[in-house]
Amino acid sequence: MKAARLAKRRAYAPYSGFRVGAALLASDGRIYSGCNIEISTFALTICAERTAIFKAVSEGDRNFKAIAVVSDDPEYTPPCGACRQVLMDLAGNIDFLMVNKAGNVKIMKLNKLLPHAFGQRNLERTRRTKT
Ligand code: THU
């Protein structure tokens, strides 16, 4: 949570003003942080969660325990749909810690946030039956 708060300071959010920090805890104890980075063509913006996990995977880490996400919103910040899918694919059913501005935490398993997720196994089934 502390790493996520630090990462939020590096958020680049000139368009929304909504600053987000994330910190992904790997099974080996390493922590990968990330912030949201907004682009003038808005669709190219990347969320803090995806910044963190892409950093981690590109550094060679593939096993994760939890991710903490913090914003300046008094309410908890839930992850967007794209981040749910990316985290499920690359991290599996980890704990998702939502931290509000006051520092209170709400913890949810990722499969609660993304039930009935699409995944690699769906692709494998059709590959086996294809003629
Ligand atoms: N954002 C995140 O970085 N993570 C979330 O969980 C929710 C939304 C960012 C994306 C964009 O820069 C800004 O917040 C407003 O959507």
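The values are calculated or read from the model by the stated rules, or taken from the named source; none is laboratory data. Bear in mind the structure is a predicted one, so any value in this text is a computation, not a measurement. Quick reminder, even Gly has a Cβ in these numbers, built from the backbone with ideal geometry, and neighbours come from all protein chains shown. Quick note on the areas: whole protein, heavy atoms, side chains included, nothing else; ligands and nucleic acids left out. Shrake-Rupley method; radii C 1.70, N 1.55, O 1.52, S 1.80 Å.
Values as computed for the structure displayed
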quantity	calculated
Region 29-56, residues that are assigned to a helix (DSSP H, G or I) and either open to solvent by 80 Å² or more (accessible area, probe 1.4 Å) or hydroxyl-bearing (Ser, Thr, Tyr) (or both)	PHE42, ALA43, LEU44, THR51, PHE54, LYS55
Count of residues meeting criterion [within 13 Å of the ligand (Cβ to nearest atom) and β-branched (Val, Ile, Thr)] in region 10-31	1
Elements of type helices (runs of 4 or more DSSP H) contained in region 77-131, each with 1 or more residues being surrounded by 12 or more Cβ atoms within 10 Å (Cβ to Cβ) and of a type in the set (Val, Ile, Thr)	81-91
Among (1) touching an Asp or Glu at 6+ places or on another chain (Cβ under 9 Å); (2) closer than 19 Å to ALA7 by Cβ; (3) at pLDDT 95 or above, the one test that ALA117 misses	(2)
Any hit, region 4-12, residues being at positive phi and at pLDDT 95 or above	no
Subset of region 57-76 that is touching a strand residue (DSSP E or B) at 6+ places or on another chain (Cβ under 7 Å), of a type outside the set (A, V, I, L, M, F, W, C) and outside any loop (DSSP other than H, G, I, E, B) - its residue that is least open to solvent (accessible area, probe 1.4 Å)	SER71
Neighbours by Cβ (under 7 Å, 6+ apart or cross-chain): first from region 101-126, farther than 13 Å from TYR76 by Cβ; second part of a strand (DSSP E or B) and at pLDDT 95 or above	LYS109/ASP95; LEU110/PHE96
Selection count where residues are within 18 Å of SER27 (Cβ to Cβ) and free of Cβ contacts under 8 Å to residues at least 60 places away in the same chain, scope region 55-85	13
